[in-house]
Structures are given as structure tokens and as C-alpha cells.
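Chemist: Below are the C-alpha cells for one structure; questions will follow.
The values are calculated or read from the model by the stated rules, or taken from the named source; none is laboratory data. Quantities reported herein were computed from a predicted structural model and do not represent experimental measurements. Here the Cβ positions follow ideal geometry from the backbone for every residue, glycine too, while neighbour counts run over all protein chains shown. Ligands, DNA and RNA are stripped out before the accessible areas are found, and what is left, the full protein with its side chains, is counted by its heavy atoms. Shrake-Rupley method; radii C 1.70, N 1.55, O 1.52, S 1.80 Å.
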Amino acid sequence: MGKEDTSAKKRRKLNNSSSEISKQPPVDVYKRVVEFEESEAQSRSAEKDAILFKKFCQDVRQLFADIAELKAKGTNESKEKINAKRVEASLLLVALKKLNRLEKVRTRAGRDALNKEKQRVDSTHLLLQNLLYEADHLNKEVTKCLQFKSKDEEIELVPLEDFYKEAPKDISRPEITKNDEHQLQLARLEWELRQRRELAGACNELVSSKERVSAAIAAARSRLVALAPHLRDVLKATKPLQECLALRLDEKRDETRAASLLPPPLFLLYANGSAYSDVLGAAHVTVGISGDEDEARRLDQLNTSIENDILVSNDSDSDQDNIDDDQAEKKKRYHRTTKISKEEKAEAKKKQVLQKHPLNVQISVKIEDGTALNLIFFYLVNLKIVVVKFIMSFPRPITGVSAADVLNSDSILNELYPGDNGNDSPHPATTYLLNAAGVTDHFQNFIPEVGRPYIWAQRMCGLDFMAIILDDPKQYKPIVPSQSLSVVTVENFIFTIKKRLEARVELMKELQDLESGKILPIKNNTPIRLSATLTQWQSVGWPEYSQSPSTAFLIAEGLVTAENMLYRAIVTRQSAKLVALVALSSDYPKKAPLFSLTLDWNGTHHAGVNDDVRDIERLINTNWDTNDSGPQTLSAQMTKLLTSIDILLETSGSVEFPPDKVMLKQVRGRNRMKPYKILKQGPGLFVQY
């Protein structure tokens, strides 16, 4: 029994101890190993572990070499050594793995430390940025406070000397204000307030006085308005009498009202032109005004300096520039305006600088056959010059191309006075005004659009730009129209243009006959039978005229230019052909036409290579008898040309051209001169000059 009890007690104790052991919590061996290795990695030196790692690697290599050598022997003893060395090598590999794990733990710990340091640096940098932002904000606030301007600073106060002189002692208080700037500013503001109140009271009194005057004016105007219907009835009742007496009172009244809106140059032109129209009669000269009167009235009421709108001075007020810049900046900030292209801006500038006055003056000059030249005078308000456009009116249609060209408006007015062709502005400041407005084109490019600025047109309006030529074109001076200059020029122009029109009409008739092959007989001259015939007459251009060898001398001497009217005439007689290039000046018939001849017969001959052709040219162009009456007309020259070519061919000795004229001698002298001169004896006797 005793043994059984003892064994039972032992079993009971063993069961109790095993139950206590089973009740203990499980231990994570991997975690404990990891913690141990982490603590060991921190406590051990990495350099020493590196040395151990190299040593273990060398030992492993040596063991592998020994195992290979033992395997080569193949004995039983070597097998036992191989097993021992395998165990040793395995232990070394385990040691290498541990060293590797320790190094990984160190690397991970270093990375964690680096990340913690980066986070600390980022946090510090963010804190620095916040501090910098706060400092910048505080600086801005300080700047705003320093730049703050009170409203009283914008008030223009009286000067300090005037303040102490005019202000009463109870306001100025010099014993206080001279030592305290703040009290001085308050005192000046108080004095300004008192003065403005006094001025406001005076202004109110003036306004009330103005209202009383305005009421009186309104009452007078109402009486005049009530009187207007009665005046219209009176004028209406007088219309039959005006028609019976051929009076233009209503038209004159309307023109007078429109004339009051004309610019001064055009008003002078209208006044003097109307005076000459009344003297010469409406059948010869008529003057009128056309255009938009309402627009002219609005332009007259603007009362602004147009020069200031065009010329942008470089010395403008800086304060005004700052205000404009601020306004422009506000517009950019709060508004989005439509963009305007450079082409549109340039076109707008061009239209502004070439702006015409809404009203224009029209002058029509007529001659006896009904041909009229209608001139329209415009005034360029910005360039301060007068330009002219013109229209021709004919009583009947014109036949012939060359005849129509001579009555072209540009041709008639070209060099009406010497050197005045209207191709450039006579105002010396025009180029500067165009450049100041941003227009780079020359004024000549705008002539087809605006008209020609003839010098005589300026003088008709009383403008004389020759009197204001300055060394510096920027020194612009306003031009006052001259009444006496306008009077003299209008009279001279009407006389000159009538003579030019009459001469061109006569020239037109001559050209019409020449185009049809007819040549008018010369008055008071002996009739001559002509064998040569005019087969062609037509106008030519400057390139064809200048390329002919026969015209080289005339062009080189400046006797013929591209401004002349140029024609080609072809004269034939049997096999002989004569080509005559004719140049007419603008003031024909004051200047005789110039002929250049080329003869095609037995070769090509012209004045440069043939004496006979040169003699004919000299005879036609220069050698005229003093007894000849009237100017040297084109028909007379053509008659002499045909006569001379007949004489030349008939004295050549060719059987193709038998003599048909009565000649005293066919040739004379060493130069073998031909008898081109005709004597009025019988049917006409030809002798040498």
C-alpha cells in the first residue's frame, strides 16, 4: 500500500508540473532571434564582421580544395576526412549567412535612420518656407502702410507763403504751425475748406445769374421762332417775283449758309470765284458748294486742335502719361477688348491723316462750244493743303482715240503753270506730318484717292507755302490765307484755263482730222498740191518714243520728256515711207510740236545719218517765216512736212517721183540744199532758204 501511495503521489506531482508547463504562453523564437541579431548587429563592429566574412570565405575555399583533393585519392580514410570537412564547411556557411543577416540588419537600420533624418529636414524646410511667407506678407503690409496716401494729399493747397499772408491768425496760428507739420497741414486744410465754401457760394450766385440770362435768351428765341413762319410766308410770296427777274436769292441764301461752314481757304476760293462768276456770267464760270452740311457743322463745333490728335509730342506731361498707363492697365485687368490688327490700325491712321473737310467747292469753267472743265476743291484738315479733282463735260461725243486723250483732265491741267504738275504736296511739312501719324507711304501714293495738290490750287485759296519754308520741318506755323493772293490767282487761273481749254478743243479737232487722214489748209497761204499722203496717225507711249534713234537728241537735250503728248504719223508716197514721231507740250500751241523723222527709202535714214532729213526737221521745228500769222499749229507743220517730203523725193532724181512742183533750182551749194521755201508767186515757187 505504501508503495502504491508513493507512486500515486509521484504521478500526481508529474501531472501537476506538466499542466503548469502547458499553461505557460508560447514563445516566438523567430522574433526573439531577430531581436537578438538586431541588438548584436548594433553592438558588433561592421569592420570586424567584414574581416571575419573574408576569413570565412577563404576557409571555405580551402575546405573545398581539400575535399576535392581527398576525393581524388578515393581512400576510406579520405572519406572520413571529407565528412569532417563537410561539417566544418557547413558551419562556416552558417557563420557566413549570419554575417550576411547582420549586414542586412545594419543596412536596414541605416535606411531607417536616413528616412528619419530626411523627414526631419523636410519638416524643418517646410517650417522655413512658412516663416519666409509670413515675413514676405509682413513686408508687403509694411510697404502698403508706407505707401499709403491720404485724400488730403491729393488736394492742391495754396502755397505756404500765400497761406501765412492771406489766412487769418486764428487759422494760421504761426506760433504753433511753424513748429508742428501736422498742425500746419490741418490749418491749411481748414483755410482751403473756408475758401472753397466762399467760391461755392459765388458759383451758386453766378449759376442763378446764368439761369436768368438763359431764360431771357429762351424767351427771345421763342419770339424769333414764332416770327420764322411769317418770314417764310413772305419769302414764299416773293418767289414769283424772283422767277420773273431771274434772281437766285434762295440758292444764294443756301450757299451763303453753307459757305459759313467752309474752312478759311475754301471760303476765300468760293467768295472770289462767286465774284468772278457774277462778273463773267454763269455761261462762262459757275461756282457752287456741295457736301454734308451737318457733318461740317459737327466738325465746326468740336473746337479741338486737330494737330494735337495727330502729332504725338515726345515732351508730353509725365503725370498724364502715368494716368493713361493706369487707365490702360485697369482696362487690361478688368476688360477684354477685341484685338485690332496692324493693317486695320494703319488704315485708320491713313484715313485720319487724309481726312477731308465735309464740304467742297466746285468751279465749272466753260468755253463757247460748250466744253466745260468741272473742278472740285477739297481741303485736307490735317495736312492743311487743298487738293483738286476734275471732270470734263463735252457737248458732243469725241471720235478718235488720240483726240480724246488731249481732253483728259490730267492732260489739260498738267503744267498749267511751268513746273506745276501736282505730283507732290507743296507743303514742306507734309512728309513730317505723315511720319508723325505713322504713315510710311509717300504722299504721291495717295493722289489717285484724294486728288492733286496743284500749287495754283493753293494760291487760289490764299495759301502760299513758299513763305513758310523753314530749316526744321517740326517748327510748324499756322498759315493764314491771303485775300489779295486769292483774288489775283483766281482771276489769272480763269483766264489761263479758258485759253487752255480753247487750245485743246482746237487741237482735238486737228487730231480728229489727222486720224481720218485729212489735213486742214493753212489760211492766207498759197494752195499746194500734195503728192504724199498721211496714212496713219495714232498716239504712242514713252517706251516706243524713247527707243527710236531719231529721238535720242531731243531726249538728251531735255526738250521732250514723258510728260509730253506723243504721237506717230506715217506718210507714204509710192515706195517711200516716212515715220514722224511728234511730241506736243502741255502748253500747246505756245510751244510748237517737235518732229523726229525716219525715212524708209533706199535704206533707213534719220537726222543722225542723213543731212536731208536733218534739214527737214530743222525746217519744220524751227525755220518759220516771221510773216506767218498765228501760232505754229500742228496742221501747218504737217502741211510743211508733206510738202518737204515731196520736194525731197522729187529732187532725188528717181523716175519713180517725177517733179510736180515749180522749183527755181533743185539743189544749191556744196551742201546740195533742197528748195523747201515757197514764194507766193503764181501756183507757188520753191527756192532754197
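Chemist: Students sometimes get this wrong: rank 203, 461 by accessible area, probe 1.4 Å, all chains present, largest first.
Modeler: Of 203, 461, the descending order of accessible area is 203, 461.
Chemist: Let me ask something additional. Consider all pairwise Cα distances in the range 517-687 and report the whole-number % of them above 27 Å.
Modeler: 23
Chemist: So with the 1.4 Å probe, I'd like the accessible area per residue for the range 31-146, rounded to whole Å².
Modeler: Heavy-atom accessible area per residue stands at 80 Å².
Chemist: What nm value, rounded to one decimal, do you get for the distance between residue 206 and residue 129 when each label is placed 7 Å out toward the C-beta?
Modeler: 6.4
Chemist: Which value, in debye to the nearest 20, gives the size of the charge dipole of the range 517-687 about its Cα centre, when Lys and Arg are +1 and Asp and Glu are -1 at the Cβ?
Modeler: 540
Chemist: How many percent of all Cα-Cα pairs in the range 157-247 sit more than 17 Å apart? Mind showing how you got there, number by number?
Modeler: Values: 2841 of 4095 pairs.
Here the long-distance tail beyond 17 Å is 69 percent of all Cα pairs in the range 157-247.
Chemist: Ordering 94, 687, 34 by accessible area with a probe of 1.4 Å, largest first, what comes out?
Modeler: 94, 34, 687
Chemist: How large is the accessible surface per residue of the range 517-687, computed with a 1.4 Å probe and reported in Å² as a whole number?
Modeler: Here the residues of the range 517-687 average 51 Å² of exposed surface.
Chemist: A 28 angstrom limit on the alpha carbon distance is what I want to check against. Which of 252/351; 252/350; 236/366; 236/356; 366/591 exceed it?
Modeler: Beyond 28 Å: 252/351; 252/350; 236/366; 236/356.
Chemist: Also, quick follow-up: Can you sort 180, 66, 420 by solvent-accessible area, 1.4 Å probe, largest first? If you can, show how the numbers build up before the last one.
Modeler: Working: 180 60, 66 35, 420 10 Å².
Per-residue accessible area, sorted high to low, gives 180, 66, 420.
Chemist: Would you be so kind as to identify which of 551, 686, 534 lies farthest towards the positive end of the dipole of the range 517-687, taking Lys and Arg as +1 and Asp and Glu as -1 on Cβ and the Cα centre as origin?
Modeler: 686
Chemist: Turning to a different aspect of this structure: What distance in nm separates the two pseudo spin-label positions at residue 198 and residue 234, each 7 Å out from Cα along the beta-carbon direction?
Modeler: 5.3
Chemist: How many percent of the accessible area of the range 157-247 is carbon or sulfur, using a 1.4 Å probe?
Modeler: The computed percentage sits at 61.
Chemist: Quick check: net charge around residue 104, other residues with Cβ under 12 Å of its Cβ, Lys/Arg +1 and Asp/Glu -1?
Modeler: The answer is +2.
Chemist: Return the equivalent ellipsoid semi-axes of the range 124-167 as a descending list in whole Å, where each equals the square root of 5 times an eigenvalue of the C-alpha gyration tensor.
Modeler: The three semi-axes for the range 124-167 are 46, 8, 5 Å.
Chemist: How high is the FRET efficiency from residue 161 to residue 491, r the C-beta distance, R0 51 Å, rounded to 0.05?
Modeler: Computed FRET efficiency for residue 161 and residue 491 comes out at 0.20.
Chemist: Please compute the length gained on full extension between residue 556 and residue 227, using 0.36 nm multiplied by the number of residues separating them and subtracting their Cα-Cα distance. Don't jump to the answer; show the numbers that get you there.
Modeler: Numbers: separation 329, 0.36 × 329 = 118.44 nm, distance 7.47 nm.
Difference between extended and current length: 111.0 nm.
Chemist: Computed FRET efficiency, Cβ-Cβ of residue 540 and residue 440, R0 35 Å: what is it to the nearest 0.05?
Modeler: 0.45
Chemist: Quick one: with all protein chains in place, what share of the accessible area of the range 342-401 is carbon or sulfur, to the nearest percent (1.4 Å probe)?
Modeler: 53
Chemist: Also, quick follow-up: Using a basic spin-label model with each label point 7 Å from the Cα along Cα→Cβ, how many nm lie between residue 302 and residue 47?
Modeler: About 9.5 nm, to one decimal.
Chemist: Further question: Over all Cα pairs of the range 579-619, how is the pair count split among 5 Å bins, expressed in % and running from 0 up to the last occupied bin?
Modeler: Bin by bin from 0 Å, the calculated values are 6, 23, 27, 18, 13, 8, 4, 1.
Chemist: Would you work out the charge dipole size for the range 157-247 about its Cα centre, treating the Cβ of every Lys and Arg as +1 and the Cβ of every Asp and Glu as -1, and quote it to the nearest 20 debye?
Modeler: Numbers: 15 positive and 14 negative charges, 160 e Å.
So the magnitude is around 760 debye.
Chemist: Now, a different point. So for each of 71-77, 563-569 I average, over its residues, the number of other beta carbons within 10 Å; can you give me the resulting order with the highest mean first?
Modeler: Working: 71-77: 8.9, 563-569: 19.9.
My ranking of the peptides, most packed first, is 563-569, 71-77.
Chemist: Using a 1.4 angstrom probe, figure out how much accessible area the range 157-247 has per residue, in square angstrom, rounded to the nearest whole.
Modeler: For the range 157-247, the solvent-accessible area averages 79 Å² per residue.
Chemist: Give, rounded to the nearest 20 debye, the magnitude of the charge dipole that the range 31-146 has about its Cα centre when Lys and Arg contribute +1 at Cβ and Asp and Glu contribute -1 at Cβ.
Modeler: In debye, rounded to 20, the range 31-146 gives about 540.
Chemist: When the convex hull of the Cα atoms of the range 346-410 is projected onto a plane and the area is averaged over all directions, what value comes out in nm²?
Modeler: Details: hull surface 24.9 nm².
Computed as one quarter of the Cα hull surface, the answer is 6.2 nm².
Chemist: In the range 157-247, with Lys and Arg counted as +1 and Asp and Glu as -1 at Cβ, which of these residues, 158, 237, 207, has the Cα nearest the positive end of the dipole, that is, farthest along it?
Modeler: 237
Chemist: A further question on this structure: For the range 31-146, what is the convex hull volume of the alpha-carbon atoms per residue, in Å³?
Modeler: On the way: hull volume 16.0 nm³, N = 116.
Enclosed volume per residue, from the Cα hull, is 138 Å³.
Chemist: Can you pull the percent of the range 31-146's accessible area that's carbon plus sulfur, 1.4 Å probe, other chains left in place?
Modeler: That fraction is 58 percent.
Chemist: Could you state how much accessible area residue 546 has, in square angstrom rounded to the nearest 10, with a 1.4 Å probe and all protein chains kept in place?
Modeler: Surface open to solvent at residue 546 totals about 50 Å².
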